[in-house]
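What follows is one structure encoded as structure tokens, with my remarks underneath.
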Amino acid sequence: MRNRHNIFQLLDWTTILLYLLLVFIGWLNIYAAVYNEEHQSILDITQRYGKQLMWIGAACVLAIGILLIDFRFYSSFGYALYITMIFLLIAVALFGTEVKGARSWFTFGGMAIQPSEFAKFATGLALAKYLSSMNVKVKDLRTKLISGVIIILPALLILLQPDTGSTLVYAAFIIVLYREGLSGKYFTVAMSVAVLFVFTLLVRNLEWNLPFDFTLSGGWILVFILAIAAVIITIVFRKIKYVWQVVLVLFVLSSGVIMSVDYVFDNILKPHQTKRIDVLLGLEEDLKGAGYNVNQSMIAIGSGGGFGKGYLQGTQTKFDFVPEQSTDFIFCTIGEEWGFMGSSILISLFIALFVRLIMLAERQRSSFSRIYGYGVVSILFFHFAVNIGMTIGLAPVIGIPLPFISYGGSSLWSFTILLFIFIKLDSDRLNIL
Amino acid sequence: MNNRKYIIGFSMAFLGLIFIVRLFYIQVYTDKYKLDSRNNVLRYITDYPARGLVYDRKGRLLVYNQAAYDLMIIPKQTLPMDTDEFLNLISLPKKDFIERYNKARKYSSRKPTVLVSDLSAEDYGKLQEVLFKFPGYYTQPKTLRKYPLKSASHLLGYISEVDQQIIDQQPYYKMGDHIGRSGIEKQYEEVIRGRRGRRIILVDVFNREKGKFEDGAYDTLAVSGKDIYLSIDAQLQQYGEQLMKNKKGAIVAIEPKTGEILAIVSKPDYDPNMLVGRIRTKNFERLKADTLKPLFNRALMASYPPGSTFKLINALVGLQEKVLTPDTKYTCYSGYNSGRFHMGCHSHASPINLEFSIQTSCNSYYSNVFRSIIDKYPTAEQGFNVWKNYVNSFGLGSKLNIDLPGELGGFVPSQSYYDRYYQKGKWGSLTVVSLAIGQGELGITPLQMANISAIIANRGYYYTPHLEKSGFHQNIQKNETGIDTANFNLVVSAMEKVVENGTGRAARKEGIAICGKTGTVENPHGEDHSTFLAFAPKDDPKIAISVYVENGVWGARWAAPIAGLMIEKYLRDSISDPALEERMINGNLINPDEE
Ligand SMILES: [Zn+2]
């Protein structure tokens, strides 16, 4: 056994440094986003940067606490933490405080906690614990189903709040399953479903008027075309064994996807969400509503130019032109004040963090630590991809924070816990078998 | 398996590269997103729509908007100037000006602050001509609600600025917006407020306007609020308020054929203009602290025992249940006796029939009727539930769903209520006999009372009472009591006698067939309450009314004459007995000594 003294020497300081750098950049830009001449004290807790500073302090304490807890705690209590989080998610959906139509928050006095943020690391731990247990192989159907349940259960509960953004984050765990041996076929299937999904959205509002007062909607037209294609393929490849069975199964599955898109759009998503997706797909020019945020955010980023307007010199992100500028749209402030230079440096920092985390995950001797490590990198990557993607018009406007950068106590703490559990596991990698 | 780490790592790095390429396109390559390359910024201008007006049933204006102006200051843009000339124009002492200027600076040097609110039109006119000499100051138009009749405060309600809670719950509202807080202003908020518009203009660093952003492609037009027409008769409403001066209580008048409310008076009240503009907060606090509760809308929210007026319902239920006929006679020796139980009554001839029982309002008669209804069935519970269903069908015990916020449903006790109170099986018709004469646990609002009158006027049904006439109210229903018209006709003729030569003589008006019923409600805290319900004319009812005067002693003393005057005013628009009118108006039941 190693001696307790060198616990800090065994920590991966590259990751910690990247973490501190990102948190610092985040705070600087929150300051810039809400900056005005009258409130200049950085400790003013009536202002967001003052509060964020408090939360950063608390996050550091939290990180140290995590490092001091015995590493065995995280694997032993993986399921217990997960089950606790599931109950909290049920509780918040029932008794939470409603803010802007979603019950995602518990409020105590002036504090507000968002359980869906903390469910992420608990799910990562539970999944790692399950996949690393004896005789569990991702190739088995049983394993796939149970992993699926572990991932989807919290996602569904979050959807009840409803918080679509946080729900989608759970899709990131497919990266973990892929690393652990999920066949590439599933990826292909997932991608095909996604393509079919987008395609259905594109033709959804089409209508084809037939004689006898009969109208065929976009979805049915697509099913109709697929049916013709299926018949042609069956005839052309009739020599191949089982061809018609395979074609039939594929046809039924695709039709199912197409029909469920209509269902999801008409019954599950809220009007503003379907609108955002329609705008992203270019189906709707709505510069005043959903498209407006993205347009404003791109104007802010674009106006930064090559080298930016300089710190605290931004004009677009001041005066509330960009919505949610210190939370979901914080990247606008960075783009405007630091220009192409600054924003590409930030992206490089994130990529460096991801690559470093993959390297750490791969050097683990225990599969529990490796799987958890991949869980961490997947979650962080998903947030990064969707958040920055939306501010530059490459992803739909889904309100999820940029890790370590966005304003908000719950999200900062949850990302800190997520990352530091892994740093702890890594520092003890030689002890874990 | 081992190459998967590379696939994952490279995919992530690849996405990073795509982002960087995209950023290069947006920030460096294209000019499409550089609208502020010349340092232009966008300025958002909100256009506030005018709030809708409110009219009465004859098109008389009840609520309108008056233009007013706030003088705004942006401290950062101010320059040295001739302060004295400026202050003369707005008649503001220099000391106050310095104080307010410093306060504005402390709040924000770049955001506008109100320096003087509600400028008079005169000051505004003078100021507007010379304002160009004073950079950093500008005027901002706004509107104030005005209530020209100074009446119907509870009914019309008031508006005030939204608070953080409303902003969180309803995303439409922004800081500084107004919202209806009570009455019609609240009920029809979405119709009456309209929708605000937004324009975006380009301004340069010197705050000079450079025209519309993208030719107005992002602008939305303000939609003005819609006007509301009420069924209220403003003249009758004001008359009712005048009659109820210095009294506590309520008057509700309904047009029976439609359910339209003609007047809805609650006293004490206040001048609605008190809750407008700068004086609002101060006055509101004062009204809230007032022990006479002037903010409390008694017509909808006060639940009173109905007293003897409730005997009408018991008569109707008895007739329908066939335990009572017009010829049924009961004795009354100054009250009702059963074993050791005694309920008092005033002295009158005995025995009596149905018609006379209503005319003289005999307690004994109705104790007998009520007990015969309950005891018709095998158990008291069954009988009671049959009785309660009839009572509920008169719109009692639940809200009538008038289109005003805050309505109470009143209270009709249920079987389980008595089961809890007396234990199951331990109570019978005698235990709850106070219901026979409208005492006991019953609670009825003045609105429900007027509605009973409308039901009798219609001989058996009512429409949801409502105020709004221009089609925004979608939920007006016809409700039936299930009691035969013939039974109503018997009660109606008796009610006519009540006014002709019974307890309600004080409401009599020559040439108008008024049907009514008095009520006196025992009040353990002071003088009894006086109540009266009535409708007229008997054969083609145009108005059904309830009057409730707290501490009015007898129904006949205050409530009946006030109801009579209201009916005469509405049907004839003139008053035949000015002496009576004067006595009613001058009656002071709040501070009787001041008379
Ligand atoms: Zn009697």
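Just a few scattered comments:
To keep it simple, each residue is scored yes or no on (1) buried (at least 20 other Cβ atoms within 10 Å of the Cβ); (2) basic (Lys, Arg); (3) within 14 Å of chain B (Cβ to nearest Cβ).
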| position | (1), (2), (3) |
| --- | --- |
| A:360 | yes, no, yes |
| A:367 | no, no, yes |
| A:372 | yes, no, no |
| A:416 | yes, no, no |
| A:421 | yes, no, no |
| A:431 | no, no, no |
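- The set of residues in segment B:459-473 that are part of a loop (DSSP other than H, G, I, E, B) and open to solvent by less than 20 Å² (accessible area, probe 1.4 Å) comprises B:460, B:464, B:465, B:467.
- Test: residue in segment B:53-65 that is more than 10 Å from chain A (Cβ to nearest Cβ), at pLDDT below 80 and under 54 Å from the mean Cα position of the chain (by Cα): no
- In this structure, residue B:307 does not satisfy being within 14 Å of the ligand (Cβ to nearest atom) and not polar (S, T, N, Q).
- Among the criteria (1) at the interface with chain A (Cβ under 9 Å from one of its Cβ atoms); (2) modelled with pLDDT of 80 or more; (3) surrounded by 15 or more Cβ atoms within 10 Å (Cβ to Cβ), the one residue B:7 does not fulfil is (3).
- Residues in segment B:158-186 that are in contact with a Leu (Cβ under 6 Å, 6 or more places away or on another chain) and open to solvent by 70 Å² or more (accessible area, probe 1.4 Å): none.
- Odd one out for residue A:348, checked against (1) surrounded by fewer than 21 Cβ atoms within 10 Å (Cβ to Cβ); (2) within 27 Å of residue A:181 (Cβ to Cβ): (2)
- Members of segment B:294-313 found to be of a type in the set (Phe, Trp, Tyr) and at pLDDT 90 or above, listed by number: B:296, B:310
- In summary, residue B:155 fulfils each of the numbered conditions (1) at pLDDT below 80; (2) open to solvent by less than 40 Å² (accessible area, probe 1.4 Å) with the single exception of condition (1).
- In this structure, residue B:106 does satisfy being within 9 Å of chain A (Cβ to nearest Cβ), open to solvent by 20 Å² or more (accessible area, probe 1.4 Å) and at pLDDT below 85.
- When segment B:352-371 is filtered for residues that are more than 10 Å from the ligand (Cβ to nearest atom) and not in a helix (DSSP H, G or I), only B:353 remains.
- Residues satisfying the stated conditions in segment B:386-413, i.e. touching a residue at least 60 places away in the same chain (Cβ under 8 Å), of a type in the set (Gly, Ala, Ser), buried (at least 18 other Cβ atoms within 10 Å of the Cβ) and not in a helix (DSSP H, G or I): B:395, B:410
- When the residues of segment B:336-348 are filtered to those that are near the ligand (Cβ under 9 Å from one of its atoms) and part of a loop (DSSP other than H, G, I, E, B), the one that is nearest to the other protein chains (Cβ to nearest Cβ) is B:345.
- Qualifying residue in segment B:576-594 (condition: hydroxyl-bearing (Ser, Thr, Tyr) and buried (at least 21 other Cβ atoms within 10 Å of the Cβ)): no
- Just one of the listed residues (B:483, B:476, B:545, B:562) is among the aliphatic types (A, V, I, L, M), touching a residue at least 60 places away in the same chain (Cβ under 8 Å) and open to solvent by 40 Å² or more (accessible area, probe 1.4 Å), and it is B:476.
- Residue B:425, sole failed condition from (1) away from the ligand (no atom under 16 Å from the Cβ); (2) in a helix (DSSP H, G or I): (2)
- Test for residue B:309: is it over 25 Å from residue B:503 (Cα atoms) and under 27 Å from the mean Cα position of the chain (by Cα): no
- Qualifying positions in segment A:390-409 - open to solvent by 10 Å² or more (accessible area, probe 1.4 Å) and of a type in the set (A, V, I, L, M): A:394, A:395, A:397, A:398
- When restricted to residues that are within 12 Å of the ligand (Cβ to nearest atom) and either at positive phi or not in a loop (DSSP other than H, G, I, E, B) (or both), segment B:317-335 contains 3.
- For residue B:347: the one exception among (1) open to solvent by 70 Å² or more (accessible area, probe 1.4 Å); (2) touching a residue at least 24 places away in the same chain (Cβ under 8 Å): (2)
- Qualifying residue in segment B:355-368 (condition: open to solvent by less than 40 Å² (accessible area, probe 1.4 Å) and touching a His at 6+ places or on another chain (Cβ under 6 Å)): yes
- Residue, nearest to residue A:11 (Cα to Cα), within segment A:78-90, restricted to residues that are in contact (Cβ under 8 Å) with a residue 12 or more places away in the chain and among the hydrophobic types (A, V, I, L, M, F, W, C): A:81
- Take the conditions (1) farther than 22 Å from residue B:233 by Cα; (2) within 26 Å of the chain's Cα centre (by Cα); residue B:580 misses just one of them, which is (2).
- Segment A:330-345, subset more than 7 Å from every other protein chain (Cβ to nearest Cβ) and open to solvent by 20 Å² or more (accessible area, probe 1.4 Å), residue nearest to residue B:23 (Cα to Cα): A:341
- Residue B:293 being under 30 Å from residue B:451 (Cα atoms), assigned to a helix (DSSP H, G or I) and without any contact (Cβ under 8 Å) to a residue 40 or more places away in the chain: no
- Answer residue from segment A:349-395, given it is in contact with a helix residue (DSSP H, G or I) (Cβ under 6 Å, 6 or more places away or on another chain) and of a type in the set (Ser, Thr, Tyr) and is modelled with the lowest pLDDT among those: A:391
The values are calculated or read from the model by the stated rules, or taken from the named source; none is laboratory data. Here the structure is a predicted model, which means the values were calculated and not measured. No Cβ is skipped: glycine too gets one built from the backbone with ideal geometry, and neighbour counts run over all protein chains shown. With ligands, DNA and RNA removed, areas are computed over all heavy atoms of the protein, side chains included. Shrake-Rupley method; radii C 1.70, N 1.55, O 1.52, S 1.80 Å.
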